[in-house]
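I have placed the structure first, in the form of structure tokens, so that the comments after it can refer back to it.
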Amino acid sequence: MIEVRGLRKAYGGTVAVHDVALTAAPGRVTGFLGPNGAGKSTTMRLLLGLEQPDAGSVRVNGQAPADLRWRLHEVGALLDGRAAIPGLTPRAHLRSLALTHGIPRRRVDEVLELVGLASVATRRIRGFSLGMGQRLGLAAALLGNPHTLVLDEPINGLDPDGVIWVRQLLRHLAGQGTCVLLSSHLMGEMAQTVDDLVLIAQGRVVAAGPLADLLRERSSAQVLVRAHRTEPLGAALTSAGAMVTAPGDGSLEVRGLSADEVGQVACDARVPLSELRPLEVSLEQAYLELTRDQAEYTASVPGRQVPA
Ligand code: ADP
């Protein structure tokens, strides 16, 4: 369980995290999403006790990070897959972690097997690809069979099989009661993996809650309507206060009115409808809407701004 309240951290004049509140519950995978520079890695370092906040409180499994006694049993973390001595082998790296945390040696071979590195257990880490480094980072995070996992971009650099494997592994661990907090930029993958979502932009939480609720709320904010006579319908909807866009396929996308209200406006304007439904929103669309203009770095794409 992770509970963060009122978290604030500044580096010189840059406030990386303003008043962040976040909960990640046991038995659930919580996605931590946000544009570059939003404050995800800073929050993760703070909740692992690797840095001290300027204000606010962090509880991991009910305790302050500094008070966690059997650390690797309490919280497993992957912040940087390359954080291992390059001259070591994966087995030696994991054995040194196991030794200093009272974890039996056989667990090292178990996690090497689990993450698919058993066949390279005696190769030097120096020659590892990004994906192999990520697998090794995951092995270290899983070594103590922790109650809580904090994973920063764990699927970065993994091939498609690896991505699916991580998804299945995290779902399995959550099914056994583990609390998983993970950040990723891969929206499609997040949508398939997480139960809950915390969306952060410019150091502030802009949305949080179950993924299904978040998408449902945003879906009900837009209605698709189709009619033969779109012009009088568009005019009636606009004068009823809606924002109307015409994608050009004979439909109208309506914001600001519910599906019921759109139906009533069409009825009053005597325009027969052939379709009326709330528009389903993908996680990617919801993310772009919620974080629009909030990325620290943006790239110009014809027609709109997207986070870099
Ligand atoms: P994210 O992980 O969401 O990309 P970060 O937490 O890395 O965001 O960064 C949040 C903000 O804090 C950025 O403006 C970043 O430049 C700044 N920042 C993060 N770590 C440091 C640091 N050690 N020193 C100075 N600025 C930092």
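List of remarks:
- Applying both filters, DSSP loop and at most 16 other Cβ atoms within 10 Å, to the trypsin sites (Lys or Arg not before Pro) of region 89-188 gives R123, R124.
- Gain in span if fully extended, Q264 to H172, counting 0.36 nm per residue against the direct Cα distance: 28.5 nm
- The charge dipole of the chain, taken about its Cα centre with unit charges on the Cβ of Lys, Arg, Asp and Glu (plus for the first two, minus for the last two), comes to roughly 1220 debye.
- 3J(HN,Hα) along region 231-247, derived from phi through the Karplus expression 6.51 cos²θ - 1.76 cosθ + 1.60 where θ = phi - 60°, amounts to 5, x, 5, x, 5, 5, 5, 5, 6, 7, x, 7, 9, 10, 10, 10, x Hz, with x in place of Gly and Pro.
- Protein accessible area in the chain, 1.4 Å probe - carbon and sulfur %: 50
- H185 accessible area, assembled protein chains, probe 1.4 Å, Å²: 80
- Computed from the C-beta positions of L99 and Q192, the FRET efficiency with R₀ = 22 Å rounds to 0.05.
- Other residues whose C-beta falls under 14 angstrom from the C-beta of L233 contribute a net charge of -2, scoring Lys and Arg +1 and Asp and Glu -1.
- For region 151-300: relative contact order, % (alpha-carbon pairs under 8 angstrom, 6 or more apart): 23
- The mean sequence separation of alpha-carbon pairs under 8 Å and at least six residues apart, normalised by the residue count of region 124-238, gives a relative contact order of 18 percent.
- ³J(HN,Hα), Karplus 6.51/-1.76/1.60, whole Hz, each residue of region 113-120, x for Gly, Pro: 5, 4, 8, x, 10, 4, 6, 10
- Sequence-distant residues sharing a close amide H with G81 (under 5 Å, placed H): none
- Once the C-beta distance of R216 and D80 is scaled by a Förster radius of 25 Å, the resulting FRET efficiency is 0.10 to the nearest 0.05.
- Positive-pole candidate from A64, I2, G27, dipole of region 1-65, charges at beta carbon: G27
- Rolling a 1.4 Å probe over the protein chains gives L79 an accessible area of about 60 Å².
- Amide H to amide H distances under 5 Å link V17 with K9, where only residues 5 or more positions off or on other chains count and H is placed in the peptide plane.
- Calculated accessible area for the chain comes out at 49 Å² per residue, all protein chains present (probe 1.4 Å; ligands, DNA, RNA ignored).
- Multiplying the residue separation of M243 and R5 by 0.36 nm and removing their Cα-Cα distance gives an extension gain of 82.0 nm.
- Loop-located trypsin sites (Lys or Arg not before Pro) in region 47-89 whose Cβ has at most 15 other Cβ within 10 Å (DSSP): R69, R82
- Backbone geometry of region 102-110 corresponds, through the Karplus equation with coefficients 6.51, -1.76 and 1.60 at θ = phi - 60°, to 3J(HN,Hα) couplings of x, 9, x, 4, 5, 5, 4, 5, 4 Hz, x marking Gly and Pro.
- Charged-residue dipole, Cβ positions (Lys, Arg, Asp, Glu), region 57-199 about Cα centre, Debye nearest 20: 680
- Computed with a 1.4 Å probe over protein heavy atoms only, the accessible area of T193 comes to about 10 Å².
- Considering only T178, T89, T148, the Gaussian network model of the chain with Cα springs below 10 Å gives its largest mean-square fluctuation to T89.
The values are calculated or read from the model by the stated rules, or taken from the named source; none is laboratory data. As the structure is a computational prediction, the values presented were derived from the model and not from experiment. Every residue, glycine as well, gets a Cβ built from its backbone with ideal geometry; the counts of neighbours run over all protein chains shown. Heavy atoms of the whole protein, side chains included, go into the accessibility calculation; ligands, DNA and RNA do not. Shrake-Rupley method; radii C 1.70, N 1.55, O 1.52, S 1.80 Å.
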